[in-house]
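First the structure, in the form of structure tokens, and then the observations on it.
Read-outs: derived from the displayed coordinates by stated rules, not from any lab. Being a predicted model, the structure only gives us computed values, none of them experimental. Here the Cβ is made from the backbone with ideal geometry for all residues, glycine too, and neighbour counts use every protein chain on show.
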């Protein structure tokens, strides 16, 4: 038998065999419990990186383990295939997005297959396929019918040179277009939204159901939803009937309002601006319109504003306060207006100091107030407490200078002030969410067309189900300039209204790619269904996903949108569960050694430098050396095929699993990869050396010798520990450590011709299977088996094997070891002392000496102190 481990030959052999035998097809035996394991599907960029390898290997280990535990397992794969990069490739390379995308899918699948992943490729989906996006469009129409899809005007990033809408990622940190270099403007366009806010409370409350999710992910989602309780208050405008509505979580500070701020694009901005202030205000509004939302809300940028000349009335004390507009107030958020309370808000404090606005303290730190008499002030609002401070006081405290509410705690005053506002008719309690409705419109080509026709007579008309999908036309010009490529295609845009046949126009916006990824896991169980979005019976059977694996970067939007879709489709009668993912594992990043010039901030490929003295080959300057996430732009990527060609896929899998716990970042080290390769070679030798003896010993039984008992204990300890590592928090690294211990125990065993040794070899191969399936399959067959090791039952622990029935008792004389003997592990102190006294060692060393003291350490030693 060949004693050499040849991973390339073995892996190619078994990957082919698994495909031929359909080993990884989804088991449909309904008598078995189900287990649905999947990773967040990738964007087909064209190249797999080690981060992908980590993600899919983690899921594969879980899927293989659950199969061996007797579950029917669904382990699918797909492609998040729409998106801006494909359209950019069309512009830059002159290749159609469809061709570019499908080429990349072929390339990445060819990189995935050598990893030996137990994926059922019959479930494969690609979101850019009409077979898939037909149903994305159908789901959109479900949202429309439910009143959850609507249009309204919203601001977009506008490139004034290319005359096109830009995504946020196409705007640099200076607010300029990535392609034309023009200063980006904000422009209002009529766009489509999903009413995710209708589900805000349920999305927040149901986080408590997600006991298998990391706490930090749930906290991130809760913060994004951002539930707050406060008050909606209306400030009358001097000389006008309109009122400015604001929302505040600190109604207790309302007596400290010294100005009101509108968003520049607020409809009231023009109305409240006085004639003499109009030119300056219009200039400022235009200046803000040229800023991106990121610029306007950045914490490190000073907040700019301008007075409109208009005034509002604080309804609580009747005082007039100036109305300003400022860049940091966005019309899309809240009411588009805020009350300025500089004494109790850090941002307002800076703004007031910049523009010399009044700062009036109405909450005081109880410690600072001390023994001063605090009582309700006169009706005219006369201040009774003066506070001097160089910063805003933002904590709870004692209410001061607030009329009848003075002297209350700030918490008590919140409720009292809300009740007063409700009684007087200028405010009310309100629960508000930071979460905004989801803007799904994209003015791009490579996305799912929105299935809407705009009729001059009928208005918004949904495309009939029988006309789906609305397919993307092929004859498109990609210039990167002007409106969406679809808007330029008159033959495609101009269609008769489905209702009245009046000449009408198609919607030319496509959907946000987050739409595509918000339901793909529902399609996997019934991926080839041409008649329905999915068969509810099949999807309800497999869902929810039992284990979902993906990056922490998707902790908010993708996961939140997927939860939203699930709840909507449940309410449409398609699903019978509330949450899509039972357990979530957010794996860490794969990092690699990186070289960077700190002067130029440019990265340098490792191939161009001497690692013993890293210097920039062009400038001679010393380079920074550190670990950073693998990336093409940083020249620190490790190609999976390079590792596989040298060491094999099993070694790559073992390294990626052993180097760090799955949720932690992983630093790539070639020496660690070689270490795993050496371990697999040791396993290979252990098994292949014993394989000729295995058939004759595997079925034998007999009374166990001491070495056999010790080995069997090691075998079943490995079963116990590895199993616990795979059903708990997925500690793959410690599981592999247990495999190493078992391998060492077999190598050191003094019973290599025993049936127990045969059991150990068999168990080692089984336990190795989820981690290194190719070598495990080969070794399993070398032991004489014909069925796949992946179809075998996972080993179970024999509790009796873990029991220690004998111990090695050390005999000491005056603290010095003089010998040892094997005794029953069940002996108490008296029994241990008796055996020790009667031993040959004790008789030889004690003889006629007087025993002054006997020290017994149960399970370890007996020490005779003699004269």
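Numbers at a glance
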item: Spin-label pair residue 4/residue 412, simplified geometry with 7 Å Cα→Cβ offset, distance in nm; result: 8.8
item: Reference-scaled alpha-carbon Rg (2.2 N^0.38 Å with N residues) for region 448-594; result: 1.33
item: Cα-derived Rg to Rh of region 1-90, Kirkwood definition; result: 1.07
item: More than 17 Å apart - percent of Cα-Cα pairs taken over region 220-342; result: 57
item: Between 0 and 90°, nearest 10: helix 130-145 axis offset from the chain longest Cα axis; result: 50
item: Extension gain, residue 571 back to residue 428 (0.36 nm per residue minus Cα-Cα distance, nm); result: 48.4 nm
item: Mean-position separation - Cα centroids, region 95-122 and region 181-248, in angstrom; result: 39
item: Alpha-carbon Debye profile of region 180-280, log10 I(q)/I(0) at 0.13, 0.14 Å⁻¹; result: -0.84, -0.92
item: FRET efficiency for residue 93 and residue 699, using Cβ-Cβ distance with R0 set to 41 Å, rounded to 0.05; result: 0.05
item: Relative frequency of Cα-Cα separations exceeding 19 Å in region 626-707, percent; result: 57
item: Relative packing of 73-83, 224-234, which averages over residues the other C-beta atoms within 10 Å, highest first; result: 73-83, 224-234
item: For region 513-601, convex hull volume per residue from C-alpha positions, Å³; result: 140
item: Kirkwood Rh and Cα Rg combined as Rg over Rh, evaluated for region 806-866; result: 0.92
item: Gain on full stretching of the segment that runs from residue 178 to residue 107 - 0.36 nm per residue minus C-alpha separation; result: 22.7 nm
item: Mean Cβ neighbour count within 10 Å, used as a protection proxy, ranking 507-514, 809-816, 238-245 highest first; result: 507-514, 809-816, 238-245
item: Inter-centroid distance (Cα atoms) of region 52-68 relative to region 142-167, Å; result: 39
item: Compactness index (Cα Rg / 2.2 N^0.38 Å), region 699-802; result: 1.04
item: Rounded to whole Å, sorted largest first: equivalent-ellipsoid semi-axes of the chain, Cα gyration tensor; result: 63, 40, 27
item: Packing-based ranking, highest mean first, of 701-708, 846-853, 767-774 given that Cβ atoms within 10 Å are counted; result: 767-774, 701-708, 846-853
item: Extent along principal axes [Cα atoms of region 227-433; Å; largest to smallest]; result: 52, 36, 36
item: Over 15 Å [Cα-Cα, region 490-529], rounded percent; result: 62
item: FRET efficiency, 1/(1 + (r/R0)^6) with R0 56 Å, evaluated for residue 646 and residue 32 via beta carbons; result: 0.90
item: Angstrom value of the Kirkwood radius, inverse mean 1/r, which spans all Cα pairs in region 49-189; result: 18.9
item: 0 to 90° range, to nearest 10: angle between helix 706-727 axis and the chain longest Cα axis; result: 10
item: Value at 222 nm in deg cm²/dmol, rounded to 500, when DSSP H runs of n ≥ 4 in the chain each add -39,500 (n - 2.57); result: -10500 deg cm²/dmol
item: Convex hull volume per residue in cubic angstrom - Cα atoms of region 757-850; result: 156
item: Residue 471 paired with residue 333, simple spin-label distance in nm, labels 7 Å along Cα-to-beta-carbon; result: 4.4
item: In degrees, nearest ten, helix 50-68 long axis to first principal axis of the chain (Cα); result: 60
item: Efficiency of FRET from Cβ geometry, residue 798 and residue 386, R₀ 51 Å, rounded to 0.05; result: 0.05
item: Neighbour-count ranking [beta-carbon atoms within 10 angstrom, fewest first] of 657, 48, 821; result: 821, 48, 657
item: Linear extension gain, residue 293 paired with residue 353, 0.36 nm per residue minus alpha-carbon span; result: 19.2 nm
item: Part-to-part distance (alpha-carbon centres) for region 76-94 and region 600-635, which is given in Å; result: 30
item: Exposure proxy ranking, count of Cβ atoms within 10 Å, fewest first, for 39, 98, 479; result: 479, 98, 39
item: Label point 7 Å beyond Cα of residue 283 along Cβ direction - residues of region 250-272 with amide nitrogen under 19 Å; result: 264-265, 270
item: Spin-label pair residue 538/residue 241, simplified geometry with 7 Å Cα→Cβ offset, distance in nm; result: 6.1
